[in-house]
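Scroll down for the structure; my scribbles are underneath it.
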Amino acid sequence: MFSEYQHLIDLSDYPVSWWKKVIELGEKIKENPKDFAHECDGKIMATLFYEPSTRTQMSFQTAMIRLGGQIIGFDNPANSSVSKGETIKDTTKIVSSYADILVIRHPVAGAAKAAALTADCSVINAGDGGHLHPTQTLTDLLTLKIEKKKLSGLTIGMCGDLINGRTVHSLCKALSMFENDKFIFISTPELRMPAYIKDIIKANGSTFEEVDTLEEAIGNLDVLYMTRIQQERFASAEEYLAQKNTYVLDHRKMLLAKKDMIVLHPLPRVDEITVDVDDDSRAMYFTQAKYGVFARMALILTMLSEKKSTELLKGKIYNAVKCDNPRCITNHEHYLPKSFRSSGDETLLECEFCDERKLI
Ligand code: NCD
């Protein structure tokens, strides 16, 4: 199923050369932001945030304003017709007729793709549940390019809530496309990286290992990507409390790290990095958040200057088959086609909205 507009739902829908172009533009903008101050004069961006956000929403808005454009949108669906039961389909249809580009964040996986199916303008996924967060990944890649001067040959530790953290899912998919990047996943057995992401890493020829403690990994890392335990994605308070406070990066653990390791975090932090780390020159998370504006300026410019159609659904529609993931948009908005890809294994189908696999 094709859309005549260009969308960013998952970075993997684009070749690496496209990401590199966006990152290079982000570097240029960082050097001379004023040169781009009128590039989006007369353009409107809509931000539809169905889930809380500080950095992603404000950095998108700042990016558009710095490009000369204007913004509309909501950050609390309770104040919009969503509270009256309006579907993503209808909200998107209308808002995309007001704006030139639409940025959506939603608590359910696959929501951005669902929006793109009906939008009459470009849609950018600003986070869909625990699934993906491609614009955080562009921010992370820009930060690595500027601060580590490369995107390949890195040993990257990812620590914390790897099962629910959409930022690390998108980042793994992206970094595994570069040569010789190695991953060390630091988490409890309950919060391990999903199997489908590990399979993508292997298929892309990268390697990973899984460990339980920060101490055993930190000395080998070029980059440590800390994440918050995603309280809102746990089924019960008990399950969250059992994981809370498991990983805390502090000044003492930083003594075990390389002198040029950098610490990234998509933020917000809760208690997984103590404030004494903030003064360490290797703490790069606030700089990373600042670079998010340049990455998003570059993305908006790219999306508005290119005119490409997007193939949103490539698989087969099985209307009698239901995705097993309760947090998939197809189980919330029932008009959506039940579209699945075959996984290579005849007994497994992959949902085209949330990527979860289903045995048939
Ligand atoms: C992240 C998100 O929303 O996924 N934050 C962000 O976009 N900067 C990480 C998080 O909420 O833990």
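The values are calculated or read from the model by the stated rules, or taken from the named source; none is laboratory data. Keep in mind that this is a model prediction, so the values were computed, not measured. Heads up, the Cβs are rebuilt from the backbone with ideal geometry, glycines too, and the neighbour counts pull from every protein chain shown. To get the accessible areas, we keep the full protein, side chains included, count just its heavy atoms, and leave off ligands, DNA and RNA. Shrake-Rupley method; radii C 1.70, N 1.55, O 1.52, S 1.80 Å.
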Q: Please name all residue pairs, on different chains or six or more residues apart, with Cβ atoms under 7 Å, provided the first residue is in the range 217-243 and is within 15 Å of V263 (Cβ to Cβ) and open to solvent by 20 Å² or more (accessible area, probe 1.4 Å) and the second residue is among the aliphatic types (A, V, I, L, M) and within 16 Å of the ligand (Cβ to nearest atom).
A: R228/V270
Q. Any idea how many residues of the range 144-176 are open to solvent by 10 Å² or more (accessible area, probe 1.4 Å) and more than 12 Å from the ligand (Cβ to nearest atom)?
A. 12
Q: Return yes or no: is H106 within 13 Å of the ligand (Cβ to nearest atom) and either out of contact with any Pro (no Cβ under 6 Å at 6 or more places or on another chain) or closer than 25 Å to T302 by Cα (or both)?
A: yes
Q: Report the residue count in the range 272-313 for those that are among the hydroxyl-bearing types (S, T, Y) and under 30 Å from K43 (Cα atoms).
A: 6
Q: Looking only at the range 317-328, decide whether some residue is in a helix (DSSP H, G or I) and either among the polar types (S, T, N, Q) or buried (at least 20 other Cβ atoms within 10 Å of the Cβ) (or both).
A: no
Q: Could you tell me whether the range 36-50 includes any residue that is polar (S, T, N, Q) and in contact with a Ser or Thr (Cβ under 8 Å, 6 or more places away or on another chain)?
A: no
Q.
Looking at the range 120-147, I want the residues that are on the phi > 0 side of the Ramachandran plot and have a partner that is of a type in the set (D, E, K, R) with Cβ atoms under 9 Å, at least 6 apart or on another chain. Which pairs are those?
A. G127/E51; G127/R105; G127/R166; G129/E51; G129/R166; G129/R233; G129/R327
Q | Criterion violated by L249 - all others in (1) under 29 Å from E31 (Cβ atoms); (2) within 16 Å of the ligand (Cβ to nearest atom); (3) among the aliphatic types (A, V, I, L, M) satisfied | A | (1)
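Rundown of residues vs (1) away from the ligand (no atom under 16 Å from the Cβ); (2) crowded, with 19+ Cβ neighbours inside 10 Å, yes/no style:
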| position | (1), (2) |
| --- | --- |
| K258 | yes, no |
| M261 | yes, yes |
| D271 | no, no |
| D276 | yes, no |
| D279 | yes, no |
| F286 | no, no |
| A289 | no, yes |
Q.
I need a count of the residues in the range 18-75 that are assigned to a helix (DSSP H, G or I), open to solvent by 40 Å² or more (accessible area, probe 1.4 Å), away from the ligand (no atom under 16 Å from the Cβ) and of a type outside the set (A, V, I, L, M).
A. 11
Q: Would you point out which residue out of A126, A116 is in contact with a strand residue (DSSP E or B) (Cβ under 8 Å, 6 or more places away or on another chain), surrounded by 20 or more Cβ atoms within 10 Å (Cβ to Cβ), assigned to a helix (DSSP H, G or I) and modelled with pLDDT of 95 or more?
A: A116
Q.
Taking the condition of being of a type in the set (D, E, K, R), in a loop (DSSP other than H, G, I, E, B) and open to solvent by 70 Å² or more (accessible area, probe 1.4 Å), how many residues in the range 244-256 meet it?
A. 1
Q: Sort through P134, P194 and tell me the only one that's more than 13 Å from the chain's Cα centre (by Cα), under 30 Å from H332 (Cβ atoms) and not acidic (D, E).
A: P194
Q: Name, by its number, the condition in (1) in a loop (DSSP other than H, G, I, E, B); (2) modelled with pLDDT of 95 or more; (3) charged (D, E, K, R) that does not hold for K290.
A: (1)
Q.
All but one of (1) aliphatic (A, V, I, L, M); (2) closer than 30 Å to K34 by Cα; (3) open to solvent by 10 Å² or more (accessible area, probe 1.4 Å) hold for A295; state the number of the condition that does not hold.
A. (3)
